[in-house]
Amino acid sequence: MTMDRRKWFVGASSLLLTKTLLAQSDSTHGAHGQHGAHPALPKANPSPEPYAKLQGGVPHHLTADQESQRSFTSPAPKGPSGRWITRASLPIPRSEMAWATEWAGRLHVIGGYGEGRVDRGYHHVYEPKADQWHLAAPLPRGANHVAVVSLEGRIYAFGGFIEQNRNPDNHAYVYEVSQDKWTSIAPLPRPRGAAAAVALNGKLHLIGGASSPTDERASVGWHEVYDPKTDQWSRKKALPGARDHVGCVAYKGRIHIIGGRFNTFEYNTDLHQVYVPERDTWEVLAPLPIARSGHGLVVYRDRFYAMGGEGGIINRPGQQTVFGQMESYDPATNTWQSHAAMPIPRHAVAAVTIGDWIYVAGGGAVLGGSVQSAVHEAFTLSGT
């Protein structure tokens, strides 16, 4: 598959969404439809292969040793099980997107590894109602581990790595959803990749990640805030316990950073820290039941759901884990519980909440970045 945009617009009839689909999206999402409705985008067929090797970008079938890396059991008390269903596969097997974002009821998956490359500007958009993927304008500069976040009809992309999980840059872009167009904005004050991006009170917080020098690739605790109105950056209190590949959500005026790694997945953490903006400080809350990094984290039914992730040592059989566990945190009681595990464990996934579903697309199928997946599954508590 090619990502050449000149080929996207051939055959107008194949590139347009139906008026009914657009109307459904706008009526369902109210203000979102008014301030950033999606334009007609070309459709993309699901990948015929679930996995591909990064080396060469060729299809791959997991070995018994690779499948043995999968883990499903959580030590957290059991909550409602919920259920998973299979959805349309990503157009190509991908991972290391860091991570994904939602706008107007659609999932945007940006950057990452795929087709044997780590420096493409991939941008796939998923429409749940039609169970259909679309191609959108790619990032102006391809990268992996790009931090993305949506706000008021726009999607922002910060930093990322130019090489495989290393060599960060300071590029920053904004995507106008209604125009399918990217524009450069003020660059990051300091280059980094695998950071967390989250919107809070009209501003965008970029927290943690890993930076230079490339040969050391050390985690950072930097906390910088971008103001879309002024196109300027400022600093806030750094994250205690510098780390990358974290889970991050904003909820009721606070920012939660959960899990992640100190430099590598050999040093995962279960740390759960919350940023209190009115005091510009961080506090510690109940830890993630299983220390891991590269997991998804979303808000669903007023709880935080963490799924997937990885940990261990490369080339060390029996010490390599790809997590399928789904665990949720209740901010009202500061406690965790477990739910039905992902059918196919993955890390570095694209995870968002849309309606009463959590969508989890793509991700690494084995420890590290050697195998990408096009697997796409959705979780709900409804009907159980």
(message) I need the full set of residues from region 39-50 which are touching a helix residue (DSSP H, G or I) at 6+ places or on another chain (Cβ under 9 Å) and modelled with pLDDT of 95 or more, in order please.
(response) Leu41, Pro42, Lys43
(request) Could you list all residues from region 299-356 that are of a type in the set (Val, Ile, Thr), part of a strand (DSSP E or B) and under 19 Å from Glu67 (Cβ atoms)? (result) Thr321, Val322
(message) Filter region 357-368 down to the residues that are among the hydrophobic types (A, V, I, L, M, F, W, C) and part of a loop (DSSP other than H, G, I, E, B) and list them by number.
(response) Ala365, Val366, Leu367
(request) Search region 264-291 for residues being of a type in the set (D, E, K, R) and in contact (Cβ under 8 Å) with a residue 40 or more places away in the chain, and hand back the single one that is surrounded by the fewest Cβ atoms within 10 Å (Cβ to Cβ). (result) Asp280
(message) Restricting to region 308-334, give me the number of residues that are over 27 Å from Asn263 (Cα atoms) and either in contact with a Leu (Cβ under 8 Å, 6 or more places away or on another chain) or in contact (Cβ under 8 Å) with a residue 60 or more places away in the chain (or both).
(response) 2
(request) Can you tell me which residue within region 204-225, out of those that are part of a strand (DSSP E or B) and within 8 Å of Leu239 (Cα to Cα), is farthest from the chain's Cα centre (by Cα)? (result) His223
(request) State yes or no: is Ala291 under 24 Å from Gly368 (Cβ atoms) and assigned to a strand (DSSP E or B)? (result) no
(message) If I filter region 304-312 for residues that are within 17 Å of Ser81 (Cβ to Cβ) and over 16 Å from the mean Cα position of the chain (by Cα), do I get at least one hit?
(response) no
(request) For Gly36, indicate whether it is at pLDDT below 50, more than 30 Å from Gln337 (Cα to Cα) and small (Gly, Ala, Ser). (result) no
(message) List the strands (runs of 3 or more DSSP E) inside region 106-198, counting only whole elements, that have at least 2 residues being touching a His at 6+ places or on another chain (Cβ under 7 Å) and within 29 Å of Ala37 (Cβ to Cβ).
(response) 106-110, 123-127, 132-135
(message) Filter region 83-94 down to the residues that are touching a Ser or Thr at 6+ places or on another chain (Cβ under 7 Å) and in a strand (DSSP E or B) and list them by number.
(response) Arg83
(message) Name the single residue that is surrounded by the fewest Cβ atoms within 10 Å (Cβ to Cβ) among those in region 243-263 being among the hydrophobic types (A, V, I, L, M, F, W, C) and under 17 Å from the mean Cα position of the chain (by Cα).
(response) Ala250
(request) Could you please tell me which pairs satisfy a Cβ distance under 6 Å, a separation of 6+ or placement on different chains, a first residue in region 339-363 that is more than 21 Å from Ser81 (Cβ to Cβ), and a second residue that is crowded, with 24+ Cβ neighbours inside 10 Å and among the acidic types (Asp, Glu)? (result) His347/Glu310; Ala348/Glu96
(request) State which residue pairs qualify: first residue within 22 Å of Gly369 (Cβ to Cβ) and inside region 59-84, second residue hydroxyl-bearing (Ser, Thr, Tyr) and surrounded by 11 or more Cβ atoms within 10 Å (Cβ to Cβ) in any location, beta carbons under 6 Å apart, and separation of 6 or more residues or different chains. (result) His60/Tyr51; Gln69/Thr321; Ser71/Thr321
(message) Just the residues that are out of contact with any Leu (no Cβ under 9 Å at 6 or more places or on another chain) and not in a strand (DSSP E or B), please, taken from region 369-384.
(response) Leu381, Ser382, Gly383, Thr384
(request) Scan region 150-176 for residues that are hydrophobic (A, V, I, L, M, F, W, C), surrounded by fewer than 22 Cβ atoms within 10 Å (Cβ to Cβ) and closer than 26 Å to Lys43 by Cβ and jot them down. (result) Val174
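The values are calculated or read from the model by the stated rules, or taken from the named source; none is laboratory data. It should be emphasised that the depicted structure is a prediction, and the values quoted were computed from it without experimental measurement. Cβ sites come from the backbone with ideal geometry, for glycine too, and all protein chains shown count toward neighbours.
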